[in-house]
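A.B. asks: The structure that follows is given in the form of structure tokens.
The values are calculated or read from the model by the stated rules, or taken from the named source; none is laboratory data. What you are looking at is a predicted structure, and each value in this text was computed from that prediction instead of being measured. Cβ atoms come from the backbone with ideal geometry, glycine included; neighbour counts cover every protein chain shown.
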Amino acid sequence: MRPLPRSLALLLAGALAATALSGCGKKAQKPAAEAGVLNLYTARHYDADLQIYEAFTAQTGIRINRLEMRPDQMIERMKAEGEASPADVILMADAGALWRAQQAGLLQPVRSQVLGARIPPALRDPENRWFGFSRRARVIAYDKASVRPEEIATYEALATPRFKGGVCVRSSDNVYNLSLMAALIERWGRDKALQWAKGVVANMARPPQGGDVDQVKAIAAGACKVALTNSYYFLRLARSEDAADKGVVAKVALGFPSLAGQGTHVNVSGGGVAAHAPNRAAAVKFLEFLSTDQTQAIFADANNEFPAVEGVEPPPAVKAVAGFKADPMPVATYGRRQAEAQAVFDEAGWR
């Protein structure tokens with residue numbers, strides 16, 4: 001993680017001191033608003049986002065103080081900070097993580113004509129506590145030499161005898177997998193989702209390990225034939241100039257499986273205004289900025305994500321695979337079924 005700006009380091013130190021005082025029987029004080037400042041807590045770890053922050057500051061004059069951390073770390077920190085939290089905006093890389101923050105009471109509703117018009121209802125919280133600003137599909141990467149695209153046309157394929165000993169996956173507690181399982185339960189019901197998870201476990205080429213890029217590289221290395229991955233990880237390799245990455249992409253391709261005939265499972269990266277935001281007006285302005293054509297194009301070009309706003313043209317490499325049919329399931333569903341999803345994984349023996 002990058003060093004914190006001095007201003008944010010001092011701000012956070014003050015918040016933690018206030019929290020400590022509250023534990024001694026004194027009520028923590030809410031930080032005062034600071035003109036021209038936005039305090040951002042983010043679980044997005046992409047260098048590409050720096051372009052967005054710089055563009056926002058250039059357009060509005062509002063300086064962003066940024067703190068990066070893991071989703072669960074952020075939630076626990078903000079719960080401890082309480083009303084003394086300096087956070088204005090929370091960004092997460094998954095609808096399930098946004099739901100966790102929502103359930104912890106860390107987000108507040110936002111009424112914005114801009115966001116209401118630009119972010120589709122299926123990509124935001126029904127009560128407008130958070131909004132999806134970029135889309136990513138959870139797809140199947142496959143070995144081009146031994147697997148035909150039609151063989152991975154559905155998610156069910158991963159649990160069939162065809163891929164016995166040929167599936168690579170990451171751990172079940174990964175939020176991307178939890179959101180996928182939540183969607184499977186919603187579409188199929190628990191019993192079928194459990195049987196699918198058991199089938200995938202039986203087909204695993206190795207114990208769950210690593211991240212999505214590791215699964216794709218494992219296919220190229222011959223460790224497995226198919227793997228689950230978020231689309232932008234593969235697209236990042238496809239656009240890389242690194243010779244090793246080019247070698248991986250030469251052997252691996254992406255398939256966009258359908259879920260119950262409805263289309264490919266799609267998740268979002270998004271955010272909302274923190275419950276005790278001291279700079280609420282700046283926070284809403286920032287969220288609205290994330291929905292502009294300019295920012296949507298940055299999400300797509302710099303991080304290979306699909307725009308959340310209809311009509312925004314992605315770069316050629318992203319556009320080449322952007323024509324898939326997306327499952328229209330509201331992404332808010334994933335969080336609601338998250339605990340059930342983990343229980344299914346545990347019962348199936350998916351570590």
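A.B. asks: Answer yes or no as to whether residue 225 is free of Cβ contacts under 8 Å to residues at least 12 places away in the same chain and either surrounded by 22 or more Cβ atoms within 10 Å (Cβ to Cβ) or not β-branched (Val, Ile, Thr) (or both).
C.D. replies: Against the criterion (free of Cβ contacts under 8 Å to residues at least 12 places away in the same chain and either surrounded by 22 or more Cβ atoms within 10 Å (Cβ to Cβ) or not β-branched (Val, Ile, Thr) (or both)), residue 225 does not qualify.
A.B. asks: Out of curiosity, is residue 149 surrounded by fewer than 19 Cβ atoms within 10 Å (Cβ to Cβ) and in contact with a Pro (Cβ under 9 Å, 6 or more places away or on another chain)?
C.D. replies: no
A.B. asks: Continuing with this model, one more query. Being at pLDDT 95 or above, more than 23 Å from residue 55 (Cα to Cα) and part of a helix (DSSP H, G or I), is that true of even one residue in the range 251-270?
C.D. replies: Yes, the range 251-270 contains a residue that is at pLDDT 95 or above, more than 23 Å from residue 55 (Cα to Cα) and part of a helix (DSSP H, G or I).
A.B. asks: Given the structure, is residue 165 on the phi > 0 side of the Ramachandran plot, of a type in the set (Gly, Ala, Ser), in contact (Cβ under 8 Å) with a residue 40 or more places away in the chain and outside the structural domain of residue 46 (by TED's automatic domain parsing)?
C.D. replies: So residue 165 fits the description; yes.
A.B. asks: Taking the range 117-141, which residues are assigned to a strand (DSSP E or B) and not polar (S, T, N, Q)?
C.D. replies: 124, 131, 132, 133, 135, 136, 137, 138, 139, 140, 141
A.B. asks: Residues that are at pLDDT 85 or above, buried (at least 18 other Cβ atoms within 10 Å of the Cβ) and in contact with a helix residue (DSSP H, G or I) (Cβ under 9 Å, 6 or more places away or on another chain): list the helices (runs of 4 or more DSSP H) wholly contained in the range 1-99 that include at least 1 such residues.
C.D. replies: 49-60, 71-81
A.B. asks: Has the range 102-113 got at least one residue that is in a helix (DSSP H, G or I), of a type in the set (Gly, Ala, Ser) and not assigned by TED's automatic domain parsing to the domain that holds residue 173?
C.D. replies: No, because not a single residue in the range 102-113 is in a helix (DSSP H, G or I), of a type in the set (Gly, Ala, Ser) and not assigned by TED's automatic domain parsing to the domain that holds residue 173.
A.B. asks: Moving on to the next point. Tell me the residue from 346, 327 that is modelled with pLDDT of 95 or more and over 19 Å from residue 124 (Cβ atoms), please.
C.D. replies: Answer to the check: 346.
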